[in-house]
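Data first, discussion second: the structure below is written as structure tokens.
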Amino acid sequence: MTTWEELEQMCLNCRGCRLCETRNNVVIGVGNKNADIMFVGEGPGYHEDMQGEPFVGAAGQLLDKMLAAVGLDRSIVYIANVVKCRPPNNRNPEQDEQDACINYLRRQYLLIRPKIIVCLGKIAASALIEQNFPITRDHGVWYSKKDCEFIATFHPSALLRDESKKRIAWEDLKKIKQKYDELKSEDNK
Ligand code: URA
């Protein structure tokens, strides 16, 4: 199996799609490499590309606030994206860019082996749960796959654009924390 060091080198040297031509940094992931819960966004934006860390811009600050409110933070969770290089002008990552990058996320999953994966937004949910995922309808629904529980909620950028979604996302996050606590307590039995 690939080690973290090998995976990081593969990502840093990657020229698997056109996004390598415009990136400043490869944004691999951040947080606890033994996390029981992993959050996955779509791809780095401007600030993430400049700093090499996921979710550090406005959407990231909102994500941090919401995580802190349920007692989770970057030292407990792991945060990554479907694509590791910034799509120019923050456009959605194209399917071929996602296809070129998804194996890095799979390898991260295999190294971390989280019990829960939270997809932030439609792009991540479509890549990880099912194609063309209807996020407005099916956010907050659990999907069991192998040894991992998947769930999608709105992307924090969508919450910044539409405040009315915040309450719904907050309900999703409370549900996610409840499942996290349940799985942790099963571990301790
Ligand atoms: N949006 C994402 O999907 N990921 C980030 O890392 C930042 C913003």
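The values are calculated or read from the model by the stated rules, or taken from the named source; none is laboratory data. What you see is a predicted model, and the numbers here were worked out from it, not measured in a lab. All Cβ positions, glycine included, derive from the backbone under ideal geometry; neighbour counts span all protein chains shown. Remember, those area values only see protein heavy atoms, side chains included, never the ligands or the DNA or RNA. Shrake-Rupley method; radii C 1.70, N 1.55, O 1.52, S 1.80 Å.
Among the numbered criteria (1) away from the ligand (no atom under 12 Å from the Cβ); (2) part of a helix (DSSP H, G or I); (3) over 14 Å from VAL26 (Cα atoms); (4) open to solvent by less than 20 Å² (accessible area, probe 1.4 Å), which one does LEU72 miss?
Only one criterion in (1) away from the ligand (no atom under 12 Å from the Cβ); (2) part of a helix (DSSP H, G or I); (3) over 14 Å from VAL26 (Cα atoms); (4) open to solvent by less than 20 Å² (accessible area, probe 1.4 Å) is unmet by LEU72, namely (2).
Scan the stretch 128-146 and tell me whether some residue there is free of Cβ contacts under 8 Å to residues at least 12 places away in the same chain, small (Gly, Ala, Ser) and more than 16 Å from the ligand (Cβ to nearest atom).
Scanning the stretch 128-146 turns up at least one residue that is free of Cβ contacts under 8 Å to residues at least 12 places away in the same chain, small (Gly, Ala, Ser) and more than 16 Å from the ligand (Cβ to nearest atom).
Residues ALA169, ALA125: which one is touching a residue at least 40 places away in the same chain (Cβ under 8 Å) and not basic (Lys, Arg)?
Residue meeting the stated conditions: ALA169.
Only residues that are of a type outside the set (S, T, N, Q), in a helix (DSSP H, G or I) and within 16 Å of the ligand (Cβ to nearest atom): list them for the stretch 147-183, please.
Passing the criteria: PRO156, ALA158, LEU159, LEU160, ARG161, LYS165, ALA169.
Here is a list of conditions, (1) surrounded by fewer than 14 Cβ atoms within 10 Å (Cβ to Cβ); (2) among the small types (Gly, Ala, Ser); (3) more than 16 Å from the ligand (Cβ to nearest atom), and ALA58 meets all of them except one; can you say which number that is?
Here ALA58 clears every test but (3).
What number of residues within the stretch 1-18 satisfy the criterion of being open to solvent by 30 Å² or more (accessible area, probe 1.4 Å) and either in a helix (DSSP H, G or I) or within 20 Å of ASP96 (Cα to Cα) (or both)?
Total satisfying the criteria: 12.
I need every pair where a residue in the stretch 58-74 that is more than 15 Å from ALA169 (Cβ to Cβ) has its Cβ under 7 Å from the Cβ of a residue that is open to solvent by 30 Å² or more (accessible area, probe 1.4 Å) and small (Gly, Ala, Ser), sequence separation at least 6 or different chains.
Every condition considered, the pairs that remain are ARG74/GLY31.
Might you check whether a residue that is open to solvent by 20 Å² or more (accessible area, probe 1.4 Å) and within 24 Å of ASP162 (Cβ to Cβ) occurs anywhere in the stretch 92-111?
Looking through the stretch 92-111, at least one residue is open to solvent by 20 Å² or more (accessible area, probe 1.4 Å) and within 24 Å of ASP162 (Cβ to Cβ).
Residues to consider are ALA35, ALA80; find the one that is in contact with a strand residue (DSSP E or B) (Cβ under 7 Å, 6 or more places away or on another chain), within 16 Å of ILE112 (Cβ to Cβ) and more than 10 Å from the ligand (Cβ to nearest atom).
ALA35
Can you tell me which residue in the stretch 125-140 is most open to solvent (accessible area, probe 1.4 Å), limited to those that are assigned to a loop (DSSP other than H, G, I, E, B) and over 16 Å from VAL40 (Cα atoms)?
ASN132
List the number of the failed condition for GLY43; all other conditions in (1) in contact with a strand residue (DSSP E or B) (Cβ under 9 Å, 6 or more places away or on another chain); (2) open to solvent by less than 10 Å² (accessible area, probe 1.4 Å); (3) within 16 Å of the ligand (Cβ to nearest atom) hold.
In the conditions (1) in contact with a strand residue (DSSP E or B) (Cβ under 9 Å, 6 or more places away or on another chain); (2) open to solvent by less than 10 Å² (accessible area, probe 1.4 Å); (3) within 16 Å of the ligand (Cβ to nearest atom), GLY43 misses (2) alone.
Which one is most open to solvent (accessible area, probe 1.4 Å), of the residues in the stretch 78-91 that are in contact with a helix residue (DSSP H, G or I) (Cβ under 8 Å, 6 or more places away or on another chain) and assigned to a loop (DSSP other than H, G, I, E, B)?
For the stretch 78-91, the residue satisfying everything is ARG86.
Criterion first (of a type in the set (D, E, K, R), open to solvent by 20 Å² or more (accessible area, probe 1.4 Å) and under 18 Å from the mean Cα position of the chain (by Cα)) does GLU21 satisfy it?
No: the conditions fail for GLU21.
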